[in-house]
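Below is one structure, written out as structure tokens; the observations come after it.
The values are calculated or read from the model by the stated rules, or taken from the named source; none is laboratory data. Bear in mind that the values here come from a model prediction, so they are computed numbers and not experimental data. With ideal geometry, Cβ positions are generated from the backbone for all residues, glycine too; neighbour counts draw on all protein chains shown. We work out accessible area using only protein heavy atoms, side chains counted, and drop any ligands, DNA or RNA first. Shrake-Rupley method; radii C 1.70, N 1.55, O 1.52, S 1.80 Å.
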Amino acid sequence: MLLANQVIPQRQGPHCSLLNSSAIQPKRLDQLCGQLIKKGCANLFDWNNTIKAYTITHKPHEGLLVYTKHILSNGLTLRPNAFTFLFLLRGCNLDEVRAIHAHVFKFGLQGHQLLESSLINFYANAGLADDAWSVFDGVAEKDLVHFTSMLNGFARNGRLDESLVLFREMLSLDFCPDSVAIVALLRLVAQFGAHHLGRALHSWAIKAQMMENLFVTTSILDTYAKCGDLEDACQVFGEMRVKDLSAWNALIAALAVHGRGEEAIQLFQRMVKEGEKPDQATLVSLLSACSHGGIVQKGETYFRGLLKGDFGFMPNVKHYGCMIDLLGRAGRLEDACELVETMLVDADEIVYATLLSAACTHGNVHIAEFAASRLLKMGANNAAYQVSLSNMYAAKGRWEKVSEIRSRMRDGRLKKMVGWSSIRINHQVHKFAMGEGLHPRSKEIHAMVEEMMATLKMSGYVPNTSVVLLDLDDKGKEQDLSRHSEKIAVAFGLISTSKSHAIKIMKNLRICIDCHTAMKFISLVYGRRIVIRDNKRFHHFEEGRCSCKDYW
Ligand code: ZN
Ligand code: ZN
């Protein structure tokens, strides 16, 4: 029903004004469309609105049917316009979008700015940065919207170099990227750990007067933290005149992942005191701060508060994951197991993987087997789980179990992720896989690895060969350990940087126990600060110690 005071634009029929409403019930929409179809829409405007109504009520295929049955079949008396395609593009799948794209050309609408940007956005979101680029490249007169869409597209698809080239081109054309594009770029910079680029974007944001934008500022803070520079992250936070929940959450999470648990707790307390209400993400960071910092009692208190509803919500699976990690770290495996069994939500892979890791670390075969069996039931066949199990069996002398796992691994039935480590020297990223021999300085690097391992051994380092699951003799196992990508990256860091520089490495998987020990020795023997970001947290190695206190 139309409201009495509702103004109806002249060219719009009553049906279409209702079709415009996103609140319309799907059943009512079908009825109205049925009536329109029965009497035949008077013009393209009405059909476009019909398509729009279908797409906003999540029935894009009905919209496509309207297009093919009522616009295309009308001969050329009704030529679709840019809006027809803009509405059709919403909610369609890749094949349909490709077909729509072809029709955009067929009807000579390829020069329409919004249509081109929508296509760029669609392809970029679908992970097809090259297709997005080919639309962008074909745009005759590129404007800010096109550039922003493309920049976003590259950034979201992990294409750092192309993003930067485009960003510079935008600046040279006096186009100012919007906050969404800048944040996408910052996220990419954080992902690559490219600290100097984070700095450059920060300086640019100051000049572009974007520092009042909390979305941008928080993202800069987060980028610094993820590039291993917690001090700069804290400074950005300190300089924020207004802080919203995301800003507080970002810094608490940063402190947590860098192992500065007590500071994270203090920040949380300050946040509550200043009247900010914590949300689920805050509690995840807080509990993980307690876990990474080994702060058991406070962690338990916060979790009990969560269970009592003190924060206005119940714990989710991530909160449970942190808590299981916390109890596992403290060696309270029975308690961790009990918590898993009494969870109020369904446990996920991370929960069991955390329990497995804790049980293996503490050599509790019973609980490790329980966690592994649950993981198997879930179809989580990650090789890392079997490696943990095998190491534990090896430590207990259960060789029959070790060989059982080895043969399973040899069969190749397990998913094994390829590990790599990267290091940035003079603004260039060097990425090393295991045993890397492709680097131009490969000979020098391998000579350094050899020298390094011999020096470490003389200082008391004992290779932990239980990590190696291959059938090799001890010498072979030691050699295999020296081929780990983080050792190659650190050797390259040692020959390429001066002593005053911290060696910063990023690793896509969890650092292994042997590399962790070796890094502690390297920091002591070579007097270097080493920062490694693995897939769990930051490890700051200095003078023979790690900030994770050997639990991660
Ligand atoms: Zn390793
Ligand atoms: Zn560590």
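Count of region 480-494 residues, restricted to those that are part of a helix (DSSP H, G or I) and either under 13 Å from VAL467 (Cβ atoms) or within 16 Å of ligand 2 (Cβ to nearest atom) (or both), is 7. In region 205-218, the qualifying residues are those that are in contact (Cβ under 8 Å) with a residue 24 or more places away in the chain and either touching a Leu at 6+ places or on another chain (Cβ under 6 Å) or assigned to a helix (DSSP H, G or I) (or both), and the one that is most open to solvent (accessible area, probe 1.4 Å) is PHE215. Criterion first (of a type in the set (S, T, N, Q) and either away from ligand 1 (no atom under 13 Å from the Cβ) or open to solvent by 30 Å² or more (accessible area, probe 1.4 Å) (or both)) does SER485 satisfy it? In short, no. Under the condition of being among the polar types (S, T, N, Q) and open to solvent by 50 Å² or more (accessible area, probe 1.4 Å), which residue from region 52-91 is modelled with the lowest pLDDT? My answer is ASN74. The numbered conditions (1) under 26 Å from the mean Cα position of the chain (by Cα); (2) more than 15 Å from SER496 (Cβ to Cβ); (3) within 16 Å of ligand 2 (Cβ to nearest atom) are all true for SER421 except (2). On the stretch given as region 512-548, residues that are open to solvent by less than 10 Å² (accessible area, probe 1.4 Å) and part of a helix (DSSP H, G or I) total 7. For PHE432, state whether it is touching a helix residue (DSSP H, G or I) at 6+ places or on another chain (Cβ under 7 Å), of a type in the set (A, V, I, L, M, F, W, C), within 16 Å of ligand 2 (Cβ to nearest atom) and open to solvent by less than 50 Å² (accessible area, probe 1.4 Å). No, not satisfied. Out of all the residues in region 262-279, which are part of a helix (DSSP H, G or I) and surrounded by 17 or more Cβ atoms within 10 Å (Cβ to Cβ)? Across region 262-279, the qualifying residues are GLU263, ALA264, ILE265, LEU267, PHE268, MET271. Within region 503-528, being more than 16 Å from ligand 1 (Cβ to nearest atom) and either modelled with pLDDT of 95 or more or not charged (D, E, K, R) (or both) holds for LEU524, VAL525, TYR526, GLY527, ARG528. Screening ALA233 on (1) out of contact with any helix residue (DSSP H, G or I) (no Cβ under 7 Å at 6 or more places or on another chain); (2) modelled with pLDDT of 95 or more shows it passes everything except condition (1).
Restricting the search to region 451-475, which residues are part of a helix (DSSP H, G or I), surrounded by 13 or more Cβ atoms within 10 Å (Cβ to Cβ) and more than 16 Å from ligand 2 (Cβ to nearest atom)?
Passing the criteria: GLU451, MET452, MET453, THR455, LEU456, LYS457, THR465, SER466.
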